[in-house]
Amino acid sequence: MIKFNKPYITGKELLYIEDAINRGELSGDGYYTAQCSKYFSSKFGFNSNFLTTSGTDALEMAAILSNISEGDEVIMPSFTFVSTANAFILRGATIKFVDSQKNSPNMDEDLIEALITEKTKAIVVVHYGGIACDMEKIISLSEKYNLIIIEDAAHSIDSYYKNQPLGSIGHFGAFSFHSTKNIISGEGGMMVVNDKNAIKRAEIIREKGTNRSSFFRGEIDKYGWVDIGSSFLPSEVTAAFLYAQLEDLDSIQTKRKEIWNDYYTQLKSIEQFYYQLPVIPDYATNNAHLFYIICPSIEKRTALINYLLNHNIKAVFHYQALHKSSYYLNLLSKTNQSVKPLKNAERYSDLLLRLPLFPDLSKNDINLICKKIIAFIRES
Ligand SMILES: *Cc1c(COP(=O)(O)O)cnc(C)c1O
């Protein structure tokens with residue numbers, strides 16, 4: 001069976017975990033957390049970065065730091081993971097969903113302004129598959145209406161918008177190191193704080209609402225409860241694993257991009273049969289987080305999934321648009337509102353199919369997958 005994903009192990013993970021154990025600092029913010037932080041600031045210029053236990057936690061931190069409260073409105077795409085919305089729902093926000101673009105699952109930047117009201121507090125941008133949204137358009141809205149920008153950069157490590165690393169452009173950037181992402185630590189994440197005024201508070205919120213980090217730096221002589229917060233910091237075991245991955249980031253990315261380009265070249269010809277391939281705008285780079293095709297109908301997609309499964313290939317669809325989720329429909333029904341269709345988001349829920357992509361995927365397997373997809377299209 002060709003799996004959809006296989007976590008890539010560099011070989012140094014156990015060594016570093018053993019070293020973390022020997023150092024006797026197993027809770028958070030020890031040697032390996034510092035190593036990872038240093039790496040992120042020197043490689044990507046993420047000068048204020050905070051490792052978290054998940055991408056979800058990083059988004060929850062961003063929602064707290066954005067001072068979202070009951071009744072505030074937050075704008076985000078519907079075609080995204082539940083955590084993008086949950087983080088803000090937990091703070092009492094009302095979510096306004098934006099449709100995707102015709103040629104990309106990313107949200108349509110031109111539809112945002114119509115959703116802005118005096119209650120709008122923030123825009124959450126999701127760079128789907130690590131392909132940047134058009135940040136200039138979003139920044140100009142943020143300046144015009146004084147809105148906070150949060151980048152859900154869960155897919156976006158090592159990807160850029162006009163030479164700026166994704167996650168460094170908005171006020172906050174949230175990354176994920178979940179096993180399905182490019183760089184992994186099992187579960188894990190990172191909050192990047194670009195808004196200088198929020199750095200001190202980020203440190204406190206991440207440490208259960210205490211000023212313990214200042215205490216450890218010797219800035220104060222005792223620490224206490226100063227704000228709300230939670231336990232968002234990962235253990236040194238997680239950070240040690242992550243550091244092993246970071247040392248190999250360039251080779252992981254090279255392998256992923258080779259696979260992506262191979263798929264793209266071999267499958268280009270299926271576009272004449274109304275299957276679409278990803279589109280990378282001029283302002284965006286491709287970090288090869290995922291490779292997908294858009295099928296012409298849901299029936300064709302289901303048939304293709306089954307056909308590939310019969311040939312021992314696992315391909316999977318992706319998000320169910322959040323504006324049609326049972327949770328959101330329930331919320332709307334409580335205030336007697338009905339859901340407005342978001343055609344493109346619904347189309348990606350029904351038609352998008354992700355192909356296996358992980359560094360150990362062999363050239364033979366890629367050839368086989370492409371051959372089977374083309375055979376299916378010819379036969380159907
Ligand atoms: C993976 C993902 C998250 C959540 O990350 P976790 O580390 O799994 O909590 C959030 N948003 C998007 C778009 C994701 O793909």
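Brief remarks follow.
- Among residues of the stretch 63-81 being within 19 Å of C133 (Cα to Cα) and under 16 Å from the mean Cα position of the chain (by Cα), the one that is surrounded by the fewest Cβ atoms within 10 Å (Cβ to Cβ) is F81.
- Evaluated against (1) within 16 Å of the ligand (Cβ to nearest atom); (2) under 28 Å from M107 (Cβ atoms); (3) in contact (Cβ under 8 Å) with a residue 24 or more places away in the chain, P7 falls short on exactly one condition, (2).
- Checked against (1) away from the ligand (no atom under 16 Å from the Cβ); (2) within 22 Å of R206 (Cα to Cα); (3) among the aromatic types (F, W, Y), F50 passes all but condition (1).
- Filtering the stretch 217-252 to residues that are of a type in the set (F, W, Y) and not in a helix (DSSP H, G or I) leaves Y223, W225, F232.
- Which listed residue is out of contact with any Asp or Glu (no Cβ under 6 Å at 6 or more places or on another chain), more than 16 Å from the ligand (Cβ to nearest atom) and either part of a loop (DSSP other than H, G, I, E, B) or among the β-branched types (V, I, T) (or both), from S185, S214, S168: S168
- Tally, over the stretch 171-182, of residues that are within 12 Å of the ligand (Cβ to nearest atom) and assigned to a loop (DSSP other than H, G, I, E, B): 6
- Identity of the residue in the stretch 95-118, over 22 Å from L351 (Cα atoms) and surrounded by 19 or more Cβ atoms within 10 Å (Cβ to Cβ), that ends up nearest to the ligand (Cβ to nearest atom): I95
- On inspection, K222 qualifies as more than 17 Å from S48 (Cβ to Cβ), surrounded by fewer than 18 Cβ atoms within 10 Å (Cβ to Cβ) and either charged (D, E, K, R) or touching an Asp or Glu at 6+ places or on another chain (Cβ under 9 Å) (or both).
- Residue in the stretch 193-200 that is crowded, with 23+ Cβ neighbours inside 10 Å, β-branched (V, I, T) and away from the ligand (no atom under 16 Å from the Cβ) present: yes
- Given (1) in contact with a Ser or Thr (Cβ under 9 Å, 6 or more places away or on another chain); (2) on the phi < 0 side of the Ramachandran plot, number of the condition S168 does not satisfy: (1)
- Residues located in the stretch 351-380, provided they are part of a helix (DSSP H, G or I) and surrounded by fewer than 17 Cβ atoms within 10 Å (Cβ to Cβ): K363, N364, D365, N367, L368, K371, I374, A375, R378, E379
- The residues in the stretch 307-336 that are touching a residue at least 24 places away in the same chain (Cβ under 8 Å) and in a loop (DSSP other than H, G, I, E, B) can be counted, and the count is 10.
- Pairing residues of the stretch 337-361 that are assigned by TED's automatic domain parsing to the domain that holds Y327 and of a type in the set (D, E) with residues that are modelled with pLDDT of 95 or more and surrounded by 16 or more Cβ atoms within 10 Å (Cβ to Cβ), at Cβ distances under 6 Å and at least 6 apart in sequence or on separate chains, gives E346/A321.
- In the set (1) under 30 Å from Q266 (Cβ atoms); (2) in a loop (DSSP other than H, G, I, E, B), the condition left unmet by I293 is number (2).
- Taken over the stretch 140-160, the residue count meeting the criterion of being more than 16 Å from the ligand (Cβ to nearest atom) and in a loop (DSSP other than H, G, I, E, B) is 2.
- The residue that is nearest to the ligand (Cβ to nearest atom), among those in the stretch 53-80 that are touching a His at 6+ places or on another chain (Cβ under 8 Å) and among the hydroxyl-bearing types (S, T, Y), is S54.
The values are calculated or read from the model by the stated rules, or taken from the named source; none is laboratory data. Just so you know, these numbers come straight off a predicted model, no measurement behind them. No Cβ is skipped: glycine too gets one built from the backbone with ideal geometry, and neighbour counts run over all protein chains shown.
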